[in-house]
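The values are calculated or read from the model by the stated rules, or taken from the named source; none is laboratory data. None of the values given here were measured: they were computed from a predicted structure. Here Cβ is always computed from backbone atoms with ideal geometry, including for glycine, and neighbour counts include all displayed protein chains. Calculation scope for accessible area: heavy atoms of the full protein, side chains included, ligands and nucleic acids excluded. Shrake-Rupley method; radii C 1.70, N 1.55, O 1.52, S 1.80 Å.
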Amino acid sequence: MRIEYDYDTCIGMFQCVEEWDAFQRDEDAGKAVLAGSEEDGGVFVREVPEDAELDAKFAARTCPVDAITVYDDDGEQLVP
């Protein structure tokens with residue numbers, strides 16, 4: 001499973017931070033940061049460990065602007 005986070009779309013509500021500890025607050029920028037990710041054209045991407053899959057899905061579901069997308073291992077979009 002992988003997660004993609006569109007930093008530019010983020011509006012800094014930090015709801016994802018409450019759901020998964022891979023998301024962290026960047027108070028200076030007013031946006032979340034996805035730890036352990038690599039940037040690919042303005043989108044931050046990382047693999048989701050098996051023990052964090054549920055947390056990653058909740059983080060994506062709570063984002064009010066759909067800046068977070070979760071994909072399964074076959075590349076099929078799961079959330080949102």
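Accessible surface for Leu78 stands near 80 Å², nearest 10, in the context of the full protein assembly shown (1.4 Å probe). Relative contact order of the chain: 39 percent, from C-alpha pairs under 8 Å at least 6 residues apart in sequence. Roughly what angle does helix 53-62 make with the longest principal axis of the chain, taking Cα atoms, 0 to 90 degrees, to the nearest 10? For 53-62 against the chain, the angle is about 50 degrees. Note: the chain, Cα convex hull, 80 Å³ per residue. Roughly speaking, what is the centre-to-centre gap between the range 1-36 and the range 50-80 when only Cα atoms are used, to the nearest Å? Each part's Cα centre sits 12 Å from the other's. In this structure Asp6 has an accessible area near 50 Å², from a 1.4 Å probe over the protein heavy atoms. Under the convention that each Lys and Arg Cβ holds +1 and each Asp and Glu Cβ holds -1, the size of the dipole of the range 2-79 around its Cα centre is about 320 debye.
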